[in-house]
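So the structure is just underneath, and the comments pick up after that.
The values are calculated or read from the model by the stated rules, or taken from the named source; none is laboratory data. Computed from a predicted model, the values in this text were never measured in an experiment. Cβ atoms come from the backbone with ideal geometry, glycine included; neighbour counts cover every protein chain shown. Protein only, heavy atoms only, side chains kept; ligands, DNA and RNA dropped before computing areas. Shrake-Rupley method; radii C 1.70, N 1.55, O 1.52, S 1.80 Å.
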Amino acid sequence: MIASVAAGALVGGRSWAGPPATLAAAARTAGLRFGAAVRASALDQPRLRDILAREAATLTPELELKWAALEPAAGRRDVAGADRIAAFARSHGQRLRGHTLLWHRSVPDWAARELASGGGWGIVDHHVTATVGRYGALVDEWDVVNEPIEIGARADGLRANVFLEAFGSDYVARALRTAHAAAPRARLFVNEYDLEYDLPTHRARRAALLRLATTLARRGAPLHGIGIQAHLDLGKGMIATDELRGFVAALAALGLTVAITELDCKEVDYIRPADERDRLVAAHVAGFLAAVLPHPATSAVSCWGLTDDQSWLEVTAADRARFPGAWADGSSPGLNRGLPFDAAGRPKAMRDALLAAFAAHPRS
Ligand code: G3I
């Protein structure tokens, strides 16, 4: 039993280092980079700092690189939060994933108004160039456009966001070219959600994103990868394993890499004991990883946070309403348990699932 052998033990007379002790190290042996999203304010917590420093090779600022956070008023840039995460990454030998240059949900009001009134590409150019330029090689991957697909809107599957309204469907290629000019060595991504399940919207989204990627590749746009967000949800049924495998292979055939960018898992059943809940999450995550990790085009896995208390996922009123009478004694369902560590920083079954998945896919 390899897992029960202590690190540094003698195995067959030879010293054996044992299984990689951290997610970052285990991912590295699989030819992958493991990372996590973090908010600058969370860096006040010594325990979280330790976990991030130890377990992650890359950090994704969860909020701080979004346009609305960086430039809340025209010409007033606020880089304090992003700089704080950048300094943490530098001092721990980590890289940043740049998230995200253009996202319809993070356009500052002033910019939305200017774009809608024909203000032109100049403000986009300035935002992208200033943001990308500030962090240089520390950020070697950028989510240039986030969530450009919208199902049921336009025939081409593109979201009718403020950028498309102002510049037409070419805005994605244009943003990629602008980012490439500012950071010629960075790998540039389009990042998207709702790609993981055997549901009509997910099928349609995979197809629309593949069409967009194909168009961009044919036109020679500097697109290097697709981000699969992977906000998993135990309420959405089975992972679409075969379809996901086909999707990753189709992207790879276009010469693209695939990064899992925002992995976490929403629970459904909050009344089971915590260890059972953790096992359900871990099994689901393992199923997802088994679909996407085998293909060599998959280059990275990032979780959207590392500890449950930092997760954007919440136990909602609708979740509680599914269990009438539960918690009537004043107890609580606690937090959603969809990340690798609990709120006290203890590793959970999801971390084991990640380690096992990395161990199952060694690459030279
Ligand atoms: O910090 C303020 C707090 O001071 C204030 O009282 C409170 C009132 O609303 O807001 C707090 O800020 C919130 C922030 O998260 C920190 O919790 C913002 O309102 C809220 O909009 C923000 O949400 C973030 C969201 O993106 C929008 O930027 C989530 O944390 C973040 O997890 C989420 O991340 C997205 C990815 O970028 C793209 N993919 C989906 C993913 C999850 O929605």
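The table below gives the values:
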item	result
Qualifying residue in segment 235-249 (condition: touching a helix residue (DSSP H, G or I) at 6+ places or on another chain (Cβ under 6 Å), more than 14 Å from the ligand (Cβ to nearest atom), modelled with pLDDT of 95 or more and polar (S, T, N, Q))	yes
Residue list for segment 117-163, restricted to those being touching a strand residue (DSSP E or B) at 6+ places or on another chain (Cβ under 7 Å), farther than 15 Å from ALA173 by Cα and of a type in the set (A, V, I, L, M)	VAL132, LEU138, VAL139
Any hit, segment 94-103, residues being open to solvent by 10 Å² or more (accessible area, probe 1.4 Å) and within 14 Å of the ligand (Cβ to nearest atom)	yes
Which listed residue, of PRO294, PRO347, PRO333, is more than 28 Å from LEU63 (Cβ to Cβ) and over 17 Å from the mean Cα position of the chain (by Cα)	PRO294
Index of the failed condition, GLU62 passing every other in (1) within 14 Å of the ligand (Cβ to nearest atom); (2) more than 11 Å from SER302 (Cβ to Cβ)	(2)
Among (1) away from the ligand (no atom under 15 Å from the Cβ); (2) of a type in the set (Ser, Thr, Tyr); (3) surrounded by fewer than 23 Cβ atoms within 10 Å (Cβ to Cβ) - the single one THR298 does not satisfy	(3)
Condition met for ASP342 (out of contact with any helix residue (DSSP H, G or I) (no Cβ under 9 Å at 6 or more places or on another chain), open to solvent by less than 20 Å² (accessible area, probe 1.4 Å) and not aliphatic (A, V, I, L, M))	no
Leading residue by the ranking (nearest to the ligand (Cβ to nearest atom)) among those in segment 257-273 that are assigned to a loop (DSSP other than H, G, I, E, B) and open to solvent by 30 Å² or more (accessible area, probe 1.4 Å)	VAL268
Filter pass, GLU314 being closer than 28 Å to ASP50 by Cα, in a loop (DSSP other than H, G, I, E, B) and of a type outside the set (Val, Ile, Thr)	yes
Boolean, LEU254 is over 23 Å from SER311 (Cβ atoms) and within 16 Å of the ligand (Cβ to nearest atom)	no
Failed item in (1) among the hydroxyl-bearing types (Ser, Thr, Tyr); (2) at pLDDT 95 or above; (3) more than 15 Å from the ligand (Cβ to nearest atom), with SER332 passing the rest	(2)
Checking VAL79 against (1) more than 16 Å from the ligand (Cβ to nearest atom); (2) touching a Lys or Arg at 6+ places or on another chain (Cβ under 7 Å); (3) closer than 21 Å to LEU263 by Cα, the condition it does not meet	(3)
Evaluation of PRO108 against (1) more than 21 Å from the chain's Cα centre (by Cα); (2) open to solvent by 10 Å² or more (accessible area, probe 1.4 Å) (one fails), failing number	(2)
Residue match in segment 140-150 (condition: over 24 Å from the mean Cα position of the chain (by Cα), away from the ligand (no atom under 15 Å from the Cβ) and modelled with pLDDT of 95 or more)	no
Residue within segment 26-34 that is assigned to a helix (DSSP H, G or I), more than 14 Å from the ligand (Cβ to nearest atom), without any contact (Cβ under 8 Å) to a residue 40 or more places away in the chain and more than 18 Å from the chain's Cα centre (by Cα) present	no
Residue in segment 345-358 that is surrounded by fewer than 17 Cβ atoms within 10 Å (Cβ to Cβ) and within 30 Å of ALA217 (Cα to Cα) present	no
LEU216 being under 23 Å from the mean Cα position of the chain (by Cα) and within 16 Å of the ligand (Cβ to nearest atom)	no
